[in-house]
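First comes the structure, then the notes that go with it.
The values are calculated or read from the model by the stated rules, or taken from the named source; none is laboratory data. Keep in mind that this is a model prediction, so the values were computed, not measured. All Cβ positions, even for glycine, are placed from backbone atoms using ideal geometry, and neighbour counts span all protein chains on display. The area values use the complete protein model at the heavy-atom level, side chains included, leaving out ligands, DNA and RNA. Shrake-Rupley method; radii C 1.70, N 1.55, O 1.52, S 1.80 Å.
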Amino acid sequence: MAIPITVLDCDLLLYGRGHRTLDRFKLDDVTDEYLMSMYGFPRQFIYYLVELLGANLSRPTQRSRAISPETQVLA
């Protein structure tokens with residue numbers, strides 16, 4: 001059974017592709033306990049990784065909703 005294109009387009013318009021939630025997470029907005037329980041690393045080590053890898057992970061433009069280095073490290 002095929003799904004009509006109009007239904008898919010409406011879902012895309014209503015719910016988006018999820019890109020709005022990718023960079024809502026701010027490292028400074030969460031507790032150290034949360035970072036340790038979710039990611040297994042303390043805040044300072046995550047900042048160290050972002051500093052170490054940030055130049056290679058950052059994109060020159062925001063084209064296609066480029067993901068920040070912080071989000072990439074946490075992923």
Exercise for review: Among the residues of the range 24-35, count how many are in a helix (DSSP H, G or I) and either touching a residue at least 24 places away in the same chain (Cβ under 8 Å) or loosely packed, with under 13 Cβ neighbours inside 10 Å (or both).
Suggested key: 6
Point to revise | Boolean, Tyr47 is at pLDDT 90 or above, open to solvent by less than 80 Å² (accessible area, probe 1.4 Å), of a type in the set (Ser, Thr, Tyr) and under 17 Å from the mean Cα position of the chain (by Cα) | key: yes
